[in-house]
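Read-outs throughout are calculated quantities, based only on the coordinates presented, and are distinct from any laboratory measurement. Source: prediction; values computed, not measured.
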Amino acid sequence: MNKDLILAQHQVFETDRLILRKVELADAPAIYDYAKDEECVKFITIKPSQSLEETQIGIATYFMENRLTCWGIVDKTTDEFLGTIDMRVNGDSGNFGWILNKSHWGRGIVPEAAQTLVDFAFNELGLKVITAEHFAENQKSGRVMEKIGMKKMGQIYLYVDKLERSVLCDYWALTGEEYEKMHG
């Protein structure tokens, strides 16, 4: 089956505590709340957001353009918008990225959301490998990747425009075969 069709049929996911759903312009105030925070965006490639309008433009140009592969992370009980997660699909592989409002760090939210997408990627999309990378100094993201079964494959340099320099990043992967061994 066509991967885009499968993605289109799976626009909302639910876990015990979370709803993963499409990001909307109405989410802009919640996203701006953490996107303007230098600590929250320190380890991702975008600069801190300077205004609510800039955040709305970001939603329109990234999240709405990539609706099939980007989800908002929402607390199922309170309906609070907590962050975003995306899984960019290219052929038989996927690549993760996420950001979470720092007031929710350390609660296991990202591993819960990411595991849901890992299961979907291998069981429904039939992907062969999932990868992710993080700034080497951001060990919290590395712990998330470990929790969802990914293995550190090595380190690579990525050029980060906002820093105007290359940054050493840890590179992680999980293959379909490894996933099957863990969940078979």
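Counting only C-alpha contacts under 8 Å and six or more residues apart, can you give the relative contact order of the chain as a whole percent?
18
Restricting to DSSP H runs of at least four residues, report the calculated mean residue ellipticity at 222 nm for the chain, -39500 (n - 2.57) per run over all residues, nearest 500 deg cm²/dmol.
-8500 deg cm²/dmol
Assuming 0.36 nm per residue, please report the length gained on full extension of the stretch Trp105 to Glu53 beyond their Cα-Cα distance.
16.1 nm
Reported to two decimal places, what Rg/Rh ratio describes the chain when computed on Cα atoms with Rh from the Kirkwood expression?
0.94
Can you tell me how much longer the chain between Tyr159 and Asp4 gets when fully stretched, taken as 0.36 nm per residue apart minus their C-alpha distance, in nm with one decimal?
Roughly 52.8 nm would be gained on extension.
Please list, in order along region 54-70, the HN-Hα scalar couplings obtained from phi with the Karplus expression 6.51 cos²θ - 1.76 cosθ + 1.60 (θ = phi - 60°), rounded to whole Hz, x for Gly and Pro.
Working through the residues one at a time gives 4, 5, 4, 4, x, 4, 5, 8, 10, 5, 7, 6, 10, 4, 5, 10, 10 Hz.
For the chain, with a Gaussian network of springs between Cα atoms less than 10 Å apart, report the residue from Gly94, Gly149, Gly106 with the top mean-square fluctuation.
Per the Cα network of the chain with a 10 Å cutoff, Gly106 tops the list.
Would you mind calculating the gained length between Asn66 and Asp16 on full extension (0.36 nm times residue separation, minus the Cα-Cα distance), in nm to one decimal?
On the way: separation 50, 0.36 × 50 = 18.00 nm, distance 2.57 nm.
Value of the extension gain: 15.4 nm.
What residue among Trp172, Trp71, Trp105 shows peak mean-square fluctuation when the chain is described by a Gaussian network model with Cα springs under 10 Å?
Answer for the Gaussian network model of the chain: Trp105.
Given springs between every Cα pair under 10 Å in a Gaussian network model of the chain, which of Val12, Val129, Val23 has the largest fluctuation?
Val12
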